[in-house]
1. Where does the stretch 29-80 land on Rg(C-alpha)/(2.2 N^0.38 Å)?
2. Which ³J(HN,Hα) values in Hz, rounded to whole numbers, follow from the phi angles of the stretch 82-94 under the Karplus curve 6.51 cos²θ - 1.76 cosθ + 1.60, where θ = phi - 60° and Gly and Pro get x?
3. Taking H as built 1.01 Å from N, whose amide H comes closer than 5 Å to the amide H of Leu19, not counting residues under 5 places away?
4. Using packing as a proxy for protection, rank 66-73, 47-54, 22-29, 34-41 so that the peptide with the highest average count of other Cβ atoms within 10 Å comes first.
5. Quote the relative contact order of the stretch 17-109 in percent (integer), defining contacts as alpha-carbon pairs under 8 Å separated by 6+ residues.
6. Based only on the alpha carbon positions, what is the Kirkwood hydrodynamic radius of the stretch 13-110, in angstrom?
Amino acid sequence: MGQKNVVVAQEGLEKVIILSRPVNFDGDEIKEINLDFEKLTGEDIERAEMQYNAENPQNSLTMVKEMSKGFAAIVAAKAAGVNVGVIRKLSAPDYAKVTMRTTLFLMGGK
């Protein structure tokens, strides 16, 4: 049997994303991203927004940051407890899964 790409959590939204291509970061091989949104606080989201604005001053006036892949990557990193560089090193399909799941959370999903 093949390996499942996604472990399903509450309400059909994946919490653990099994990477199609593992990532090496700081000597560690990362094979999955565990998006634990429940541990985040409002302060975490605000800090993610400040980081996004600092990294992208040209986009600091973006009205709906929740739709930005860059902002979603920062929030995903906070939820997963990893450096945002890990999220940015994901393959494009894995990056899309992680950021889309994060966007769904930010837009009111669980």
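What follows draws every value from the coordinates through simple rules; no lab data is involved. Just so it is clear, the structure is predicted and the values come from calculations on it, not from any experiment. Every residue, glycine as well, gets a Cβ built from its backbone with ideal geometry; the counts of neighbours run over all protein chains shown.
1. Relative to the rule-of-thumb radius for its length, the stretch 29-80 sits at 1.18.
2. Each residue of the stretch 82-94 in turn: 10, 5, 4, x, 5, 4, 5, 8, 4, 4, 4, x, 5 Hz.
3. Glu32, Ile33
4. Ranking the peptides 66-73, 47-54, 22-29, 34-41 by packing returns 66-73, 47-54, 34-41, 22-29.
5. Numbers: 97 pairs, mean separation 29.8, N = 93.
Averaging sequence separation for qualifying contacts and normalising by length gives 32 percent for the stretch 17-109.
6. Kirkwood hydrodynamic radius for the stretch 13-110: 13.5 Å.
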